[in-house]
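S.K.: Take this structure first; my questions come after.
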Amino acid sequence: MKRYLLNIVFMVIAGMVAGCTNQTAASKSSEVSELKKKNELLSHENKTLKNTVKEQEKALEEATLFGDAIILTREIEKYPRSIYKEAAFDIDMDGEDEMIQLYVNAERMENGLFAWDDGQTWLLAVKDGEKTYPLYDNYVQLGSIDFSTAAFDVKKSIVMLEMWHSDKAVYKFTYDDEAKGFVKETLYKRENPLQQYNQHASYAFFNDAYEIMKQAFTDKTLKALEASENKLQELNDRAAIIDPIVADIGNAQRLFDTVSELNPELNVSLSSVYDLLNQMVINPPTVEQMNQLKGIHELFKDTEGDSFILEEENQIHPELKKKLQRLESILIGKK
């Protein structure tokens, strides 16, 4: 009887143990299944997050390249020491001119030239009443910044030229009334992503280059022509008179080079003039060189109403072509 009861107790205990074991196994299986599901869900969310990050990176890259980035108004804490260039222009087309100012952290000397270092901080800003929009604020090593204004699809814009080392880029800034800021677009940076706008930018830079060249050949050249022979004998005195002309011709040529890259049909070279002026700085000018300089001055002193570009044909205006050909003739001694 006792043995019978013990067997029954043993069977009950065995059944209980077996039941517990089965329950534990089932519970573990359920937990593993849940963990697998969570792992798959996390893996999916991770993949989705990675794709989102990639999409955001791509969107940011495209915004930087094609102009979705908006430059809003903000206060500028510190300005570079000198104004390099400024222009009044109704950029937001509200009927009133805004001031476009380009600053550079370089000292302007008495003769108007800048004491350049290996690199300078540049700031391009638009001032509209109490509001200031810093379009560009950066340090440029072995290079420079310049700007012009132009119309693109009837929309007024600022075009900025950034040069550093041997690289070059052209950007367009257009005011967006809804965003209350400026949209930045890359017009030229080796790959020419917005090539359809290059002609318009080239016209703006061409006009600026011509105006710089004209000023060099008129007002500044006149000072050299009016200087006494003794004044042109000493190197320091001579350089003070001729260096500002050299600087202007150098600036004009850099803009003409950019024009040629954007629009090969508008190629202008001032290398012969540049060589002449440098020779006149190195050594006292000869009578022939002074006569050449006088001929150039006469050629450009009456240039009111000059036409630069035939935009429909994308060509330099025939009258301006003749003037540039005449310039070369003066330099090689032809009548």
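No lab work stands behind these numbers, since they all come straight from the coordinates. All figures in this text were calculated on a predicted structure; none of them were measured in a lab. Cβ: placed from backbone, ideal geometry, glycine included. Neighbour counts: every protein chain shown.
S.K.: Taking θ = phi - 60°, what integer Hz values does the Karplus form 6.51 cos²θ - 1.76 cosθ + 1.60 yield along region 165-178, in sequence order, with x for Gly and Pro?
M.R.: Using θ = phi - 60°, the values come out as 6, 9, 9, 8, 9, 10, 10, 10, 10, 10, 6, 10, 5, 5 Hz.
S.K.: Hey, which of these cross-link pairs are over 22 Å Cα-Cα: LYS189/LYS323; LYS78/LYS131; LYS85/LYS180; LYS127/LYS156; LYS78/LYS168; LYS184/LYS214? Provide the component values of the computation, followed by the final result.
M.R.: Numbers: LYS189/LYS323 32 Å; LYS78/LYS131 15 Å; LYS85/LYS180 25 Å; LYS127/LYS156 16 Å; LYS78/LYS168 26 Å; LYS184/LYS214 31 Å.
Beyond 22 Å: LYS189/LYS323; LYS85/LYS180; LYS78/LYS168; LYS184/LYS214.
S.K.: Related question: With a point put 7 Å past each Cα toward its Cβ, work out how far TYR79 is from ARG108 in nm, to one decimal.
M.R.: With each label point 7 Å from Cα toward Cβ, the separation is 1.1 nm.
S.K.: Next question. Mind giving me the FRET efficiency for LEU222 and LYS189? R0 is 51 Å, r the Cβ-Cβ distance, nearest 0.05 is fine. Could the numbers behind the result be given before it?
M.R.: Values: r = 40 Å, r/R0 = 0.78.
E(calc), rounded to 0.05, equals 0.80.
S.K.: I've got another one for you. Could you tell me which of PRO244, THR218, ASN291 has its Cα farthest along the dipole of region 212-329 towards the positive end, charges placed at Cβ (Lys, Arg +1; Asp, Glu -1), taken about the Cα centre?
M.R.: Value: ASN291.
S.K.: Using modelled amide H (1.01 Å from N, peptide plane; none on Pro or chain starts), what sits under 5 Å from the amide H of ASP128, excluding residues fewer than 5 places away?
M.R.: Long-range HN contacts for ASP128: TYR133.
S.K.: While we're looking at this one, here's another question. Please arrange SER148, SER271, SER166 by counting, for each residue, the other beta carbons lying within 10 Å of its beta carbon, fewest first. Present the calculation step by step, with values, prior to reporting the outcome.
M.R.: Working: SER148 26, SER271 10, SER166 7.
The most exposed by this proxy come first: SER166, SER271, SER148.
S.K.: Further question: For TRP164, TRP116, what's the fewest-to-most ordering of other Cβ within 10 Å of each Cβ? Walk me through the intermediate numbers first.
M.R.: On the way: TRP164 16, TRP116 12.
Arranged by neighbour count, lowest to highest, TRP164, TRP116 become TRP116, TRP164.
S.K.: How do THR121, THR221 rank when sorted from fewest to most other Cβ atoms within 10 Å of their own Cβ? The partial results should precede the final answer.
M.R.: Details: THR121 17, THR221 24.
Going from sparsest to densest Cβ surroundings: THR121, THR221.
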